[in-house]
1. Give me the pairs, please: first residue somewhere in the range 104-121 and under 20 Å from ALA39 (Cα atoms) and in contact (Cβ under 8 Å) with a residue 24 or more places away in the chain, second residue anywhere and of a type in the set (Asp, Glu) and in a loop (DSSP other than H, G, I, E, B), beta-carbon distance under 7 Å, and either six or more positions apart or on two chains.
2. Of all residues in the range 42-73, how many are at pLDDT 90 or above, loosely packed, with under 12 Cβ neighbours inside 10 Å and either touching a helix residue (DSSP H, G or I) at 6+ places or on another chain (Cβ under 7 Å) or closer than 24 Å to ASP91 by Cα (or both)?
Amino acid sequence: MQRSSATRAGWQAISQVADAAERKGEGGASAVRILVADADCALYGLLEEWLADPGYELAGACAPDELAHDGYDLVVVDVPFPREASDVLKDLQRQHPGTPIVMLSTGFFPGVEASGVLARSLGVASVLPKPVTREALLAAVRRALLTPR
């Protein structure tokens, strides 16, 4: 049975993300870099723990990044009130043009489709209700990184 070219391309993209994450351990400069914006240090610590295994590098207010000028591959932002987040999102989109954003909030209802209508209306790659599971976060991060910009 032959795989379609779309399936092959999908597996190649997944492999590239995994390869970039592995380079972090090899001292490579191409590690996947994630900015954690507007999150308290407890949430930052949890995200850092959850995303360390796949090899992502995190930066944010709780861990300033001296290499911020190199840009980020993804932004994860925590907003308490999604309807009032437009200024935060506009600032992030202006500061990091073309960088996908994953938005976390206690204001999202459980069961909201991560990359559905709400995410598109907010102009973000994914929305995740808090509390969020590690599996849901990792899936959203991978999906955002694999989506062509």
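The values are calculated or read from the model by the stated rules, or taken from the named source; none is laboratory data. Quantities reported herein were computed from a predicted structural model and do not represent experimental measurements. Glycine gets a Cβ as well: all are built from the backbone with ideal geometry, and neighbour counts include every protein chain shown.
1. none
2. 1
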